[in-house]
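**Student:** First the structure, which I've put down as structure tokens, then a few questions once you've had a look.
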Amino acid sequence: MIESMMKIRPDFSKEQTVIIDAGIATKDNIEYLKQKKELHYIVVNRGKGEFTPEDTGDMRILFEDDDRNFKIEVKRCLVDDEVWLLCRSSGRLQKDSSIRGRQETLFPEGLESARKGLKKKGCTKNHSKVLEKISRLREKYPKASKVYEVTVWPDDNRLNPKTKAGEISWKKRGRYDALVNFDGCYVLRTDRVDMSDEEIWKTYIMLTRIESAFRCLKTSLGFRPIYHQLEVRSDAHMFITVIAYHILHIIESRLRSHGDHRSWDTIRKILSTHQRQTIEYDYRAKRRMHHGHIRLCSLPETEHKIIYHRLGLSDLPLARRYTVENS
């Protein structure tokens with residue numbers, strides 16, 4: 001993709017910084033970026049690299065938001081003309097801890113089920129099949145898999161294609177505490193040694209905003225699915241969605257300028273309780289029946305007012321309107 005962009009825009013490679021997530025941050029892709037001397041990069045490293053569990057106790061606070069109970073801690077080091085930045089997010093820490101706790105409960109339960117099956121009729125007993133079953137459990141619960149050391153003992157101490165498994169045992173590895181210390185952590189690596197820790201982290205966070213924007217395009221803004229069959233209608237659908245995204249981007253940008261980093265999805269849920277209402281009524285005047293309705297906004301809550309103020313809007317965006325019809 002980078003090669004294609006270079007052909008379309010010859011000036012693309014001049015002092016550009018490529019940001020990629022761990023999903024495509026393979027060794028080959030990183031080497032490709034290194035060979036492109038005119039390109040800079042910020043990537044999420046697979047694994048913790050040169051960092052040790054002791055480094056997690058020597059991290060400084062880079063960003064803190066008491067209102068959202070959110071904190072980012074970092075530790076910086078230089079490795080072969082690259083900056084490696086160990087980051088720990090409080091939100092990610094809670095997520096990793098929750099996942100680890102659940103997996104450490106389910107993984108031993110799966111092992112116990114396989115062990116009991118060795119004594120039951122109709123259950124898997126073949127030694128190689130039992131190993132495959134445990135391998136599938138490791139794939140399903142990767143965090144717990146790193147914690148436990150599992151041994152499958154053959155029934156007659158001789159391995160052959162028809163050997164039965166006699167017992168399954170497991171125990172926690174000695175480096176369990178080291179694994180837990182890295183919960184909530186990820187490593188950024190970049191050749192931009194001129195950038196500060198905050199600049200590196202904020203540049204990487206741009207990637208998460210882009211991913212969030214695509215989620216909004218597909219859900220909140222209705223980009224997908226497209227039900228139109230004619231190309232001109234599909235183009236119009238995409239055009240309107242892109243315009244809606246630019247409005248969404250302006251809203252988020254103005255909120256961030258006031259220190260409000262909430263996502264569009266969160267803002268939309270909060271403002272959904274401030275509604276426009278219609279009240280219909282009938283009354284008699286001068287022996288004639290009249291029908292009317294009033295359109296008005298409900299009273300804004302404190303949180304609504306804060307958002308409107310930061311966007312430079314009135315607490316009541318639309319005025320009250322009266323309509324009367326004669327019967």
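The values are calculated or read from the model by the stated rules, or taken from the named source; none is laboratory data. Being a predicted model, the structure only gives us computed values, none of them experimental. Glycine also receives a Cβ, built like all others from the backbone with ideal geometry; neighbour counts cover every protein chain displayed.
**Student:** Only one of (1) among the polar types (S, T, N, Q); (2) surrounded by 14 or more Cβ atoms within 10 Å (Cβ to Cβ); (3) under 23 Å from Leu318 (Cα atoms) fails for Gln277. Which number is that?
**Tutor:** With respect to (1) among the polar types (S, T, N, Q); (2) surrounded by 14 or more Cβ atoms within 10 Å (Cβ to Cβ); (3) under 23 Å from Leu318 (Cα atoms), Gln277 is out only on (2).
**Student:** Within the group His291, His228, which residue is touching a strand residue (DSSP E or B) at 6+ places or on another chain (Cβ under 7 Å) and surrounded by 11 or more Cβ atoms within 10 Å (Cβ to Cβ)?
**Tutor:** His291
**Student:** Identify all residues within region 85-102 that are assigned to a helix (DSSP H, G or I) and modelled with pLDDT of 90 or more; write none if there are none.
**Tutor:** If the condition is that a residue be assigned to a helix (DSSP H, G or I) and modelled with pLDDT of 90 or more, then Arg102 is the only one that fits.
**Student:** What residue, of His293, His249, His237, His228, is in contact with a helix residue (DSSP H, G or I) (Cβ under 7 Å, 6 or more places away or on another chain) and outside the structural domain of Lys75 (by TED's automatic domain parsing)?
**Tutor:** The match here is His228.
**Student:** Mind checking which strands (runs of 3 or more DSSP E) fall wholly inside region 129-239 and carry at least 1 residues that are over 28 Å from Ile30 (Cβ atoms) and in contact (Cβ under 8 Å) with a residue 40 or more places away in the chain? Can you show your working first?
**Tutor:** Working: elements: 148-154, 165-172, 185-190.
By residue number, 148-154, 165-172.
**Student:** Also: Any idea which residue in region 260-274 is nearest to Leu313 (Cα to Cα), counting only those that are assigned to a loop (DSSP other than H, G, I, E, B) and touching a helix residue (DSSP H, G or I) at 6+ places or on another chain (Cβ under 9 Å)?
**Tutor:** Once the filter is applied, the top-ranked residue is His274.
**Student:** Also, quick follow-up: So in region 204-225, with the set limited to residues that are closer than 30 Å to Trp84 by Cβ and among the polar types (S, T, N, Q), which one is surrounded by the fewest Cβ atoms within 10 Å (Cβ to Cβ)?
**Tutor:** Within region 204-225, the match that is surrounded by the fewest Cβ atoms within 10 Å (Cβ to Cβ) is Thr208.
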